[in-house]
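Everything below concerns the one structure shown next.
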Amino acid sequence: MTPETILVSLLTPAVVVGWLLAPYLLAFFGALVPALGELPLLLCCLATVLMALPSLLLGESISLNLIGSNGISLSIDATAAWFLLLNGVVLGATRLASRNLVGAAGPLVPAVMLGGLNTCFVVTDLISLYVALEVVGIAAFLLQLRREAPRSNWIALRYLLVASTAMTLYLIGTGLVYVRTGSFSMEAMADLELGSAQVLILLGLFSKGGLFLPGLWLPRSHAAARPEVAALHSGVVVTAGVLPLLRLMQIDPGLAPLIRWIGIASAVLGLLRALTETDLRRLLAWSTLSQMGLVALSPVAGGLMAFAHGLGKALLFLMSGGVDSTDLNTWRQRPLTARLQVPLWLGSLSIAGFPWLIGSTAKSELETALPPFWAAAVLLVSIGSVAIYARLWGAPWCAPGGSASSEGTVQAPAGGSISLLVVVLIGTSALIGLAVAPTHDGQKLAVTGLVFALGLLLDRGLQRWRPALERRWPDLESLQDLIGSLAVVGAGMLLSLHVMEGWG
């Protein structure tokens, strides 16, 4: 037997189920024995990383059916493996970041979050996915609560209300699928005529994934959270709603046009809002809404895109915890230490698509996997992404021995968290660059150079008009607008299906 065969044979159903249950058991026993501390949770994060490696390195897929044909269906394939790897790394890093921070959450709720996210990434039946998404939503709500900032409690409650409404629609759609097919499996949706069942399910996933109008809860929620919580939410939690979209695109190609149009609309909306933002954390949050739209465009490249974005965005949100002000109007007048500049530059350059970083490889894979029209749209959005992050590159470096503007005024995240993410980002950039794109030809470098040049010019051109443009945006982030957006987008998708049916 080869080492690869032995490795795969170790992943028995008992091992997979034990790995899924371990974080929940840890949360239970951690409540009974608080002295357990952070180490068991970090070990669970490591186990999640290890669980992803067979599919990534060997291309092996693991599928399980528990409790009969209408029971729980699990699948760990190459797409899910990227999300699992991201979950283990980012959640582990945010736990390291929470050390010695006053008011940071203990390990119990993050353990439930880890288990819920792992479940979201591997289940392939609609009911188990519903339960897992609800677990993730409740854990996200609890992590959002801040005793020192009462206003954030209302923002957290607003998220919970919107998520509950969206998931109610999802559950109704799941019931319609069962009534018409007799199965809760995602594969059963391939036999259904496109209609209300798919639209209701998609609405729930769009909201959970922070996509387009149903995802407009995201900017205010992530900007108000503690930096280590926002890093987890923007880096991983929103992907719990995006991976099922990628699976549905593979199962039923008829859903691909709907999902792609919503994805590109989300990418453009988040881009336009981020370009005019004057607050660092809101800029990062709007960028998440934009990048999740790109992740949803292709099931082939979506996993790598989500992984690249999650690493970069977690670095940026953790970095934001070390600055004394998030006002971008004075960003160029505040020197930052190398400890903040390094994650800022690495994270932003990767998301913007700088050559030889993992974000560039992910975008190349995405453009290759898409038809020409969609690939051109991704290229245009990339120009905007450069303009977004160019605003962060103007902060002066703090001279060695000098005093940074943030010194002594904020709680900076623990250095180990940023170091872990930096090492993973650089390491995966090197490994994936060698495996996927060992050479960067002149044409590709020329296109990337043009994208960066146009992005920098766009940023320069917007500097004068940015305050006026920000005031012109309508406020669509109130609770009634968020609930209404579900109805608007749902009605639009149903109308689109009828139009496509008429043309067919």
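The values are calculated or read from the model by the stated rules, or taken from the named source; none is laboratory data. Quick caveat: nothing in here was measured; it's all calculated off a predicted structure. When we count neighbours, we look across all protein chains shown, and the Cβ atoms used for this are built from the backbone with ideal geometry, even at glycine. The protein model used for the area step is the full one, side chains on, heavy atoms only, and it has no ligands, DNA or RNA in it. Shrake-Rupley method; radii C 1.70, N 1.55, O 1.52, S 1.80 Å.
Computed over the chain, the P(r) tail beyond 34 angstrom holds 32 percent of alpha carbon pairs. The share of accessible area on region 258-358 that comes from carbon and sulfur is 66 percent, using a 1.4 angstrom probe. Close amide H pairs (under 5 Å, H built 1.01 Å from N) link Asp279 with Leu328, residues at least 5 positions away or on another chain. The order of Tyr178, Tyr24, Tyr130 by accessible area, most exposed first and with a 1.4 Å probe, is Tyr178, Tyr24, Tyr130.
At 0.36 nm per residue, minus the direct Cα-Cα distance, what do Trp261 and Ile483 gain on full extension? Give it in nm, one decimal, please. Don't skip to the answer; put the middle values down first.
Numbers: separation 222, 0.36 × 222 = 79.92 nm, distance 2.06 nm.
Gain on extension, Trp261 to Ile483, equals 77.9 nm.
With the whole protein complex present, Val268 retains an accessible surface near 60 Å², based on a 1.4 Å probe.
With the simple model of a label 7 Å out from the Cα in the direction of the Cβ, Leu101 to Asn329 spans 2.8 nm. When the alpha carbon gyration tensor of region 341-390 is reduced to an equivalent ellipsoid, the three semi-axes, largest first, read 21, 12, 5 Å. Roughly speaking, what is the centre-to-centre gap between region 150-200 and region 342-381 when only Cα atoms are used, to the nearest Å? Distance between centres, Cα-based: 31 Å.
Average accessible surface for the chain: 39 Å² per residue, computed with a 1.4 Å probe over protein heavy atoms with every protein chain in place. Split the accessible area of region 156-204 by element, probe 1.4 Å, and carbon with sulfur accounts for 64%. Scalar couplings 3J(HN,Hα) for region 104-115, obtained by applying the Karplus form with A = 6.51, B = -1.76, C = 1.60 to θ = phi - 60°, are 5, 5, x, x, 5, 5, x, 5, 5, 4, 4, x Hz; x denotes Gly and Pro.
Looking at the chain alone, DSSP beta bridges between its own residues are antiparallel in about 90 percent of cases. Largest accessible area first, the listed residues Val136, Val424 line up as Val424, Val136 when surface is computed with a 1.4 Å probe on the assembled protein chains. With contributions of -39500 (n - 2.57) from each DSSP H run of at least four residues, the per-residue ellipticity at 222 nm computed over the chain stands at -23000 deg cm²/dmol.
Label sites at Val33 and Thr278, each approximated as a point 7 angstrom past Cα along Cα to Cβ, lie 5.4 nm apart. When only alpha carbons are used to place a centre, region 264-309 and region 211-232 end up 12 Å from one another.
Starting from the exponent 0.38 and prefactor 2.2 Å, build the expected Rg for region 444-504 from its residue count and divide its actual Cα Rg by it.
The value comes to 1.88.
Using the Karplus relation 6.51 cos²θ - 1.76 cosθ + 1.60 with θ = phi - 60°, the per-residue 3J(HN,Hα) values for region 307-324 come to 5, 4, 5, x, 5, x, 5, 4, 4, 5, 5, 5, 4, 5, x, x, 9, 7 Hz, with x marking Gly and Pro.
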